[in-house]
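Undergrad: Could you have a look at this structure, given as structure tokens, before my questions?
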Amino acid sequence: MLILSPNTEITALVKTGFKNILLFLIFLIFNNILAHLSAQNLPENKGVNTTVQKKDTVVVKKESLEAVVETKADNIRNDIPKKMTFLKKKAQVKYQDMQIDADYISIDWDKSLIFARGELDSLGRIKTPAIATQAGKKYEYDEFTYNIKTKQAIALNARTEESEGVIVAEKTKKYNDSVFFMRRGMYTTDEYFIKKKDTTADYYLLAPNIKLIKGEKKSQVITGPIQMYIEQVPTPLIMPFAILPFSDKRSAGILIPSFGEREDVGFYLNGLGYYQPIGEHFDLKLLTDIYTKGSWNVRPEVNYRKSYRYSGNFSADVGTTVRGIKGLSDYQKSGTYRIAWRHQQDTKANPFLTFSASVDVVSQKFYNNTVNNNYAFNQHNLNAQQNSSVSMTKRFLTLPVTITGSMSYSQNFSTGLSDLKLPVMNVAINQFYLFKPKTGVRQGLLENITVNTGLNFNNYVQTDAGELFKQPMWDKLQTGLKNNISLGTNTTLAKYFTFSISANIDNALTTKTLTRFYNPLDNKVEDVLNKKIAGYSSFSTSASLQTVLYGMLNFKKGSTIQAIRHMVTPQIGFSYAPDFSAASFGYYKNYYNDRGEMTQYSIFDRGIVGSPSSHLVQAMTISIGNNLEMKVNSKKDSTGVKKLKIFETLNFNTSYNFAAPSHKWSMFQFSGQTTLFEKLNINSSLTLEPYQILFAPGENTGIRTENFGHFSVQGFNAQLSYPLSSELFKGKEKTDLAKKYPTKGEIRNENYYFDDDHYSRFEQPWTLNVNAQYSYTKSLTRFGNKMASVGLDGNIKLTPYWNLNGNLYYDVVTKEIANTRIGISRDQRSFTINFNWIPFGQYKVYDFFIGIKANILRDALKYKDNSITQPNAPF
């Protein structure tokens, strides 16, 4: 047993206590250091590298993560036991290409979760959203939870901008960097909503479930049932699914129709269909029109385009029109078709070889029976004739020759006959001078002789639809070959006169000749076309002398009118053509008519090469052109003088044939054109018969006598047009809204000015075109025919966003409204609403449609569009 003295025990106790205190202090210091380390330094990590970059920034690198996590905030707090970090006020977290900015962020290092929340207001609502940026793409959220390891996320009230629009969803799950799932999401292209100028979109598409697939070059949204809302009001536009492609490339999808009502066929959906791109240069539209009374129409359309080469489309209309009630007398059912092809070559593609096509073949009563309302709104239903043509032109670099080959087809809806030219070839030689001058300056008649010549090969037949491309049509087909040579020259005589002379030679061959005879059994004249090759040559020449005379009438100084100038262009000429009806030529034959009179006819009548002249022509031609202008004082003009046109043109022409056995004078023709008051445009023509016409009692057809000087009106035509606009009536009182109404506001990027009563003031521009036409034709009839109509075509902006337009035509003779259309359009922020109505005529129809302005939805909701020019075709 060891017994220590008191002094020894005290010393040992002191030493032991000192060691304990020292260990305790070391422990406190070590613990304090641990407390200042980031909670990212978890116990299970063997390697730790901690670096403090800024006062409020901590960067921690961990072996279990793929990159450095950076945090920053005004207030940072670490909870070591819970392994949490809390960031408040201007909080930010960066990890790889992901950056999160929010008012509040918490990090659970044990679960590798980041939670971010936007700034709250006094009522606990989000006033500033949290923002996540990844790969340059910006996303906004109320709340956001992100897993650092799996890179998956869940967000509330997420806002994602894609292409021209924005998607806002109540709940969004980020499956990976490419796939997002959204619940109750809305999509809109409203620019004000996107730029946060408005908290409510003027329209949006709402779907309960949305899948967003993102790619490097293409993204798309796939939804379940989707409905369109306008100003938060649900519309009938509901689709079972939708595909929104966010790409510069065209995409397939469903096309939404327009709807309305037409009196004869009922309610309808127009333009319901599907759009499908085909490769890089083609696309396909398949549209259908459906009517409640049983009518239908299918409209396939193929568009094609190759930049700097060519563009065009194929289209068709095939359908059935049903009118009336089956079983009743007014029931009608008819089939219609239309086939069209348009092709246009770029002028830069090949200047030496060009090709174009404009083919439009329709059934005989297509425009009167089609259920496609576009033809009614565009007034194609008034067409009396339909023309189609295909042509190719070849030019040469070194040869002065142009070769044109063409085919044409013309349908006459009045007669039911069609004209077919297949094929036609024209070889034209460029104009050249017969005698080239040695000095380079052409002088005199010989050196100014020009030659124009060419060769025309033509095949022509007139037939009806039942004979088209059948044997009866080929039997009636005519083939012709014609050559024309034109010579012309001119020179100046006595300084003031221009002398011109010309000659024309025609050479023709044809495969059909005519035999005409009177059939006494049927009491009618019959024509028989013979399969026989025949030809002719004809010749004509003319000469003319022309000058210009000026007359000036000056007024006294101080008068409003300074001067009136009259310019007269008189011309006198002489023309000669031989009589090719002589028996020696063999071009003309005779037959006895129903009265036993010998009547002459040409064997080339009803042919495609024409007939040579049947009588001797030795005619003097007279024409006089007039131009009358007035010079007046004007304070509005900078020069102080203004020219007014009294008559821009006032022409007269007639002829006197010395060789004619009777009626040597031809009709006296007058024509004029002028513009009054700088706006009223007038075009008119007048035809006078110089010989007296006598009518037998009870006869409505007169006989032309030799009694010269009894002039009678045989034809008169006048057309007037006057464009009116709001600018014409402003004059000196043009309102400067900025000066008159100092209070200024802005709505939808438009300036509004307000008066003292706080009513908005804005311009209301309008235009109104007034058209009037009158024509009278008499010929040898007693009473003649009259036609008169008045038309109005106008447009007015009721407000900066409401527009009213339309036209009205009234037949003064029949006292009926010939054609009327009324249109109303509303310009919304991101879409337009149009309403068109035809209240009178055969097609009483109204049509309503919505047109989205954004390219991404333009094809989906606009009734008619050329999709190949649009990068996207949604839905």
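The values are calculated or read from the model by the stated rules, or taken from the named source; none is laboratory data. Owing to the predicted nature of the structure, the values given are computational and were not obtained by experimental measurement. Glycine gets a Cβ as well: all are built from the backbone with ideal geometry, and neighbour counts include every protein chain shown.
Here's the yes/no breakdown for (1) under 31 Å from the mean Cα position of the chain (by Cα); (2) modelled with pLDDT of 90 or more; (3) not in a strand (DSSP E or B):
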{"residue": "Y337", "(1), (2), (3)": "yes, no, no"}
{"residue": "A340", "(1), (2), (3)": "yes, yes, no"}
{"residue": "T347", "(1), (2), (3)": "yes, no, yes"}
{"residue": "T354", "(1), (2), (3)": "yes, yes, no"}
{"residue": "V359", "(1), (2), (3)": "yes, yes, no"}
{"residue": "Y367", "(1), (2), (3)": "yes, no, yes"}
{"residue": "S389", "(1), (2), (3)": "yes, yes, no"}
{"residue": "S418", "(1), (2), (3)": "yes, no, no"}
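Undergrad: What pairs come up if the first residue lies in segment 471-500 and is in contact (Cβ under 8 Å) with a residue 12 or more places away in the chain and within 26 Å of V548 (Cβ to Cβ), the second is in a strand (DSSP E or B) and of a type in the set (F, W, Y), and their beta carbons are under 6 Å apart, counting only those six or more places apart or on different chains?
TA: What qualifies is T491/F499; L493/F499.
Undergrad: If you don't mind, another one. Taking segment 476-498, which residues are over 27 Å from N452 (Cα atoms) and surrounded by 12 or more Cβ atoms within 10 Å (Cβ to Cβ)?
TA: Once the filter is applied, which keeps residues that are over 27 Å from N452 (Cα atoms) and surrounded by 12 or more Cβ atoms within 10 Å (Cβ to Cβ), segment 476-498 yields K476, L477.
Undergrad: Here is a further query. Hey, G319 hits all of (1) within 16 Å of G271 (Cα to Cα); (2) free of Cβ contacts under 8 Å to residues at least 40 places away in the same chain; (3) surrounded by 18 or more Cβ atoms within 10 Å (Cβ to Cβ) but one; which does it fall short on?
TA: Of everything listed in (1) within 16 Å of G271 (Cα to Cα); (2) free of Cβ contacts under 8 Å to residues at least 40 places away in the same chain; (3) surrounded by 18 or more Cβ atoms within 10 Å (Cβ to Cβ), G319 misses just condition (2).
Undergrad: Restricting the search to segment 225-262, which residues are among the charged types (D, E, K, R), in contact with a strand residue (DSSP E or B) (Cβ under 7 Å, 6 or more places away or on another chain) and modelled with pLDDT of 75 or more?
TA: Our first condition is that a residue be among the charged types (D, E, K, R); within segment 225-262, this holds for 231, 248-250, 261-262.
Imposing the further condition that a residue be in contact with a strand residue (DSSP E or B) (Cβ under 7 Å, 6 or more places away or on another chain) reduces the set to 250, 261-262.
Correct list: E261, R262.
Undergrad: Among F180, F193, which is the only one that is buried (at least 17 other Cβ atoms within 10 Å of the Cβ), assigned to a helix (DSSP H, G or I) and touching a residue at least 24 places away in the same chain (Cβ under 8 Å)?
TA: After ruling out the rest, the residue left standing is F193.
Undergrad: Might you check whether a residue that is more than 48 Å from the chain's Cα centre (by Cα) and outside any strand (DSSP E or B) occurs anywhere in segment 497-519?
TA: Looking for residues that are more than 48 Å from the chain's Cα centre (by Cα) and outside any strand (DSSP E or B), one finds none in segment 497-519, hence no.
Undergrad: For L644, which of the numbered conditions (1) at pLDDT 90 or above; (2) under 41 Å from the mean Cα position of the chain (by Cα) fails to hold?
TA: Single failed check for L644: (1).
Undergrad: Collect the residues in segment 521-550 that are in a strand (DSSP E or B), exposed (fewer than 14 other Cβ atoms within 10 Å of the Cβ) and of a type in the set (S, T, N, Q), keeping them in residue-number order.
TA: From segment 521-550, those in a strand (DSSP E or B) are 524-546, 549-550; that's our starting set.
Next, only the ones that are exposed (fewer than 14 other Cβ atoms within 10 Å of the Cβ) stay: 524, 526-528, 530-533, 537, 549-550.
Listed by number, the residues that qualify are N530, S537.
Undergrad: Could you list, in sequence order, all residues of segment 681-716 that are closer than 13 Å to F670 by Cα, surrounded by fewer than 17 Cβ atoms within 10 Å (Cβ to Cβ) and touching a residue at least 60 places away in the same chain (Cβ under 8 Å)?
TA: V713
Undergrad: Follow-up. Residues to consider are T453, T491, T479; find the one that is in a strand (DSSP E or B), within 26 Å of Y409 (Cβ to Cβ) and among the hydroxyl-bearing types (S, T, Y).
TA: So the residue among T453, T491, T479 that is in a strand (DSSP E or B), within 26 Å of Y409 (Cβ to Cβ) and among the hydroxyl-bearing types (S, T, Y) is T479.
Undergrad: When the residues of segment 166-199 are narrowed to those that are at pLDDT below 85, over 31 Å from the mean Cα position of the chain (by Cα) and among the hydroxyl-bearing types (S, T, Y), which ends up nearest to Q152 (Cα to Cα)?
TA: Only one residue tops the list, namely S178.
Yes/no per residue for (1) surrounded by fewer than 21 Cβ atoms within 10 Å (Cβ to Cβ); (2) at pLDDT below 65; (3) within 23 Å of I210 (Cβ to Cβ); (4) touching a His at 6+ places or on another chain (Cβ under 8 Å):
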site: I824; (1), (2), (3), (4): yes, no, no, no
site: F840; (1), (2), (3), (4): yes, no, no, no
site: D847; (1), (2), (3), (4): no, no, no, no
site: I852; (1), (2), (3), (4): no, no, yes, no
site: N866; (1), (2), (3), (4): yes, yes, no, no
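Undergrad: Can you confirm whether L553 is in a strand (DSSP E or B) and more than 49 Å from the chain's Cα centre (by Cα)?
TA: Numbers: in a strand (DSSP E or B): yes; more than 49 Å from the chain's Cα centre (by Cα): yes.
Criteria met by L553.
Undergrad: Looking at this structure, is G294 modelled with pLDDT under 90 and farther than 27 Å from F848 by Cβ?
TA: Details: modelled with pLDDT under 90: yes; farther than 27 Å from F848 by Cβ: no.
So G294 fails the test.
Undergrad: Could you list all residues from segment 434-470 that are among the aromatic types (F, W, Y), out of contact with any helix residue (DSSP H, G or I) (no Cβ under 9 Å at 6 or more places or on another chain) and either surrounded by fewer than 17 Cβ atoms within 10 Å (Cβ to Cβ) or free of Cβ contacts under 8 Å to residues at least 24 places away in the same chain (or both)?
TA: Those that are among the aromatic types (F, W, Y), out of contact with any helix residue (DSSP H, G or I) (no Cβ under 9 Å at 6 or more places or on another chain) and either surrounded by fewer than 17 Cβ atoms within 10 Å (Cβ to Cβ) or free of Cβ contacts under 8 Å to residues at least 24 places away in the same chain (or both): F457, F469.
Yes/no per residue for (1) closer than 29 Å to M425 by Cβ; (2) in a strand (DSSP E or B); (3) within 49 Å of the chain's Cα centre (by Cα):
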position: S559; (1), (2), (3): no, no, no
position: V568; (1), (2), (3): no, yes, yes
position: G573; (1), (2), (3): no, yes, yes
position: Y576; (1), (2), (3): no, yes, no
position: S581; (1), (2), (3): no, no, no
position: F585; (1), (2), (3): yes, no, no
position: Q600; (1), (2), (3): no, yes, no
position: D605; (1), (2), (3): yes, no, yes
position: H615; (1), (2), (3): no, no, no
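Undergrad: From the set of residues in segment 106-165 that are of a type in the set (D, E) and within 21 Å of T188 (Cα to Cα), which is farthest from the chain's Cα centre (by Cα)?
TA: Initially, segment 106-165 is screened for residues of a type in the set (D, E), giving 108, 110, 119, 121, 140, 142-143, 161-162, 164.
From the residues that got through so far, the ones that are within 21 Å of T188 (Cα to Cα) too are 140, 142, 161-162, 164.
Numbers: E140: 39, D142: 44, E161: 30, E162: 28, E164: 23 Å.
Looking at the filtered set, the residue picked out is D142.
Undergrad: Only residues that are under 23 Å from S356 (Cβ atoms) and polar (S, T, N, Q): list them for segment 393-450, please.
TA: Within segment 393-450, T393, T402, T404, S406, S408, S410, Q411, S418, N426, N430 qualify.
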